[in-house]
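Visitor: The structure that follows is given in the form of structure tokens.
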Amino acid sequence: MTGMPPGGAVSSPGAFLWYNQGMFVRVMSYFFIITILLEGISFGDVINLPAPKSRGKVTVEEAVQGRRSYREFHPNELNQEQISQLLWSGQGITDNDFDLRAAPSAGALFPLQLLLSKKDGLYRYVPQGHKLLKMSGEDKRPSLVRAALGQKFLGDAPCVVVITALFDKSRSKYGMRGDRYAFMEAGHAAENICLQAVALGLGSVVVGSFWDNAIAAALELPAGETPVYMIPVGYIKQ
Ligand SMILES: Cc1cc2nc3c(=O)[nH]c(=O)nc-3n(C[C@H](O)[C@H](O)[C@H](O)COP(=O)(O)O)c2cc1C
């Protein structure tokens, strides 16, 4: 039922909303559409990343030649296209028939997870649908610096990709050898990200020196998820 009550009097905010629900629904619809237009296709804590490109201006050979460890970064934020490419090259789905990914995985078990730490919060990459889930609105980078024995550049880089492993996934098929496979896979994913960074004109460095427990606590990782590698990425400070 819409419109005014008999007599036209509205006695409370609840009653006003009830008798004006047509207008209310219209206003909410406009709000919803404007939000989508302003924020791109982003619903609350889910960010749908732009589709990754599989063609760039830098050859594989040039990327391999150009990769170096960089530890001084400009604080300039990376845009969603750059973030999309970096995460896709680490764990993006490159075969939709079998959900295979950019980096190889023993037994196609895919034990790795990618987390993204930025000034505005912590995100988890979801390869299916190529999206980010916001886990926290807190800037975790200062905690990453402390957990990584004061490696300051982790706080300077606009984004840090944290590779974690769900070892149980690999162990389910390979026993304890699964751990070794997960570490190898982290190396594949990390190198892909570093080479993609070169192709985007960005710098990166892989970081393996940190206290696992401190990273897990800072990122509030669930039980069974272990940090393996971190890769700060950003514009290189010359
Ligand atoms: C497994 C591993 C762990 C690393 N950990 C760190 C680290 O914690 N901090 C750091 O600054 N560099 C780290 N590095 C980067 C190396 O220092 C770097 O690759 C090496 O100096 C060679 O330089 P390049 O990467 O420019 O070729 C690590 C590299 C590897 C492969």
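Visitor: Restricting to the range 198-222, count the residues that are under 16 Å from Q85 (Cα atoms) and within 12 Å of the ligand (Cβ to nearest atom).
Guide: Number of matching residues: 3.
Visitor: Filter the range 89-109 down to residues that are more than 16 Å from the ligand (Cβ to nearest atom) and touching a residue at least 60 places away in the same chain (Cβ under 8 Å), then give me how many there are.
Guide: Qualifying residue count for the region: 8.
Visitor: For the range 156-170, how many residues are more than 13 Å from F210 (Cβ to Cβ) and within 16 Å of the ligand (Cβ to nearest atom)?
Guide: Residues in the range 156-170 being more than 13 Å from F210 (Cβ to Cβ) and within 16 Å of the ligand (Cβ to nearest atom): 4 in total.
Visitor: Let me ask something else. When you go through A103, A147, A218 one by one, which is the residue that is of a type in the set (G, A, S), crowded, with 21+ Cβ neighbours inside 10 Å and under 28 Å from V64 (Cβ atoms)?
Guide: A103
Visitor: Which residues, counting only those in the range 59-81, are in contact (Cβ under 8 Å) with a residue 12 or more places away in the chain, under 17 Å from A190 (Cα atoms) and either crowded, with 21+ Cβ neighbours inside 10 Å or within 16 Å of the ligand (Cβ to nearest atom) (or both)?
Guide: A63, V64, G66, R67, R68, S69, Y70, R71
Let's see how each residue does on (1) at pLDDT below 95; (2) assigned to a helix (DSSP H, G or I); (3) in contact with an Asp or Glu (Cβ under 7 Å, 6 or more places away or on another chain):
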position: Y30; (1), (2), (3): yes, yes, no
position: L38; (1), (2), (3): yes, yes, no
position: P52; (1), (2), (3): no, no, no
position: E61; (1), (2), (3): no, yes, no
position: V64; (1), (2), (3): no, yes, no
position: N76; (1), (2), (3): no, no, no
position: E81; (1), (2), (3): no, yes, no
position: G90; (1), (2), (3): no, yes, no
position: G107; (1), (2), (3): no, yes, no
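This table checks each residue for (1) hydrophobic (A, V, I, L, M, F, W, C); (2) touching a strand residue (DSSP E or B) at 6+ places or on another chain (Cβ under 7 Å); (3) buried (at least 22 other Cβ atoms within 10 Å of the Cβ); (4) closer than 26 Å to N79 by Cα.
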{"site": "I163", "(1), (2), (3), (4)": "yes, yes, yes, yes"}
{"site": "D168", "(1), (2), (3), (4)": "no, no, no, no"}
{"site": "R171", "(1), (2), (3), (4)": "no, no, no, no"}
{"site": "R177", "(1), (2), (3), (4)": "no, no, no, no"}
{"site": "A186", "(1), (2), (3), (4)": "yes, yes, yes, yes"}
{"site": "Q196", "(1), (2), (3), (4)": "no, no, yes, yes"}
{"site": "S204", "(1), (2), (3), (4)": "no, yes, yes, yes"}
{"site": "V207", "(1), (2), (3), (4)": "yes, yes, no, yes"}
{"site": "D212", "(1), (2), (3), (4)": "no, yes, no, no"}
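Visitor: Do you know which residues across the range 127-155 are within 16 Å of the ligand (Cβ to nearest atom), under 19 Å from the mean Cα position of the chain (by Cα) and part of a loop (DSSP other than H, G, I, E, B)?
Guide: Hits for the range 127-155: nothing passes.
Visitor: Next question, about the same structure. For the condition assigned by TED's automatic domain parsing to the domain that holds D99, without any contact (Cβ under 8 Å) to a residue 24 or more places away in the chain, under 24 Å from L49 (Cβ atoms) and away from the ligand (no atom under 16 Å from the Cβ), what is the one hit in R124, R177?
Guide: Every option except R124 fails the conditions.
Visitor: Across the range 223-236, what is the number of residues that are in contact (Cβ under 8 Å) with a residue 40 or more places away in the chain, farther than 25 Å from V58 by Cα and more than 16 Å from the ligand (Cβ to nearest atom)?
Guide: Residues meeting the conditions: 2.
Visitor: Right, here's the next one. Does the range 207-222 hold any residues that are in contact (Cβ under 8 Å) with a residue 60 or more places away in the chain, among the small types (G, A, S) and either outside any helix (DSSP H, G or I) or touching a Pro at 6+ places or on another chain (Cβ under 6 Å) (or both), and which are they?
Guide: Matches in the range 207-222: S209 only.
The values are calculated or read from the model by the stated rules, or taken from the named source; none is laboratory data. A quick note: this is a predicted structure, and the numbers were derived from the prediction, not measured. All Cβ positions, glycine included, derive from the backbone under ideal geometry; neighbour counts span all protein chains shown.
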